[in-house]
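Worksheet: the structure to be examined is printed underneath.
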Amino acid sequence: MAQPDAFETDFWKHANLRKVWDDIVPGEPRKTIPYTLTKDAIELYCASVGEDHPLYFDEDYARASLYGGLIAPPSIHILLMFACTPADDWMRSPGTVNAGQSWSYHIPVRPNDVITLEARALDKFIKRERLFVVHDNVFFNQHGAVICSGRGWTIRPA
């Protein structure tokens with residue numbers, strides 16, 4: 001499975017292809033793409049957020065731990081959210097504000113796991129003249145086991 005060399009950082013790119021408020025249909029599954037999480041991606045993520053626990057880098061330490069091998073930090077779901085969605089996904093819209101989120105972590109993600117995402121908008125509503133979307137996200141590994149699941153609230157651009 002081909003992996004992009006780098007993540008797109010221009011959030012305005014493809015903005016004209018993204019769904020606007022009126023196009024978001026609660027219950028409709030979002031288009032997602034599988035992603036193979038590499039050891040390099042884990043290390044880059046850890047370096048970016050200042051994470052230095054040996055469970056994420058030191059194979060001997062991780063093998064001797066209760067995890068039996070290298071794992072990724074739970075917060076890597078942030079990277080996975082973007083890795084598993086195409087550039088034209090509505091969650092990537094410039095001007096979107098994170099209004100809150102709640103995540104449950106089930107099993108660790110490991111190097112070379114193939115991650116899939118099932119995601120959808122659950123609801124959308126207007127409050128104080130702001131456009132809100134409630135969304136649900138569940139990440140799975142290649143064995144169909146749930147890695148993490150979460151619900152979030154975003155304020156959408158008009």
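No lab work stands behind these numbers, since they all come straight from the coordinates. Model, not experiment: these values are computed from the prediction. All Cβ positions, even for glycine, are placed from backbone atoms using ideal geometry, and neighbour counts span all protein chains on display.
Only one of [x] 15.3, 51; [y] 16.7, 54; [z] 16.8, 57 was calculated from the structure for Rg and Dmax of the Cα atoms in Å, and its label is [y]. Listed peptides 105-116, 89-100 appear in the order 105-116, 89-100 once ranked by packing, highest mean of other Cβ atoms within 10 Å at the front. Among residues other than K39 with Cβ under 13 Å from its Cβ, the summed charge is -4 (Lys and Arg +1, Asp and Glu -1). The C-alpha atoms of the chain define a longest principal axis, and helix 39-49 lies at about 70 degrees to it. Rounded to the nearest 20 debye, the dipole magnitude of the range 20-156 is 520 debye, with +1 charges on Lys and Arg beta carbons, -1 on Asp and Glu beta carbons, and the Cα centre as origin. Excluding same-chain neighbours fewer than eight residues apart, the lysines reachable from K19 by a Cα-Cα span under 25 Å are K31, K124, K127.
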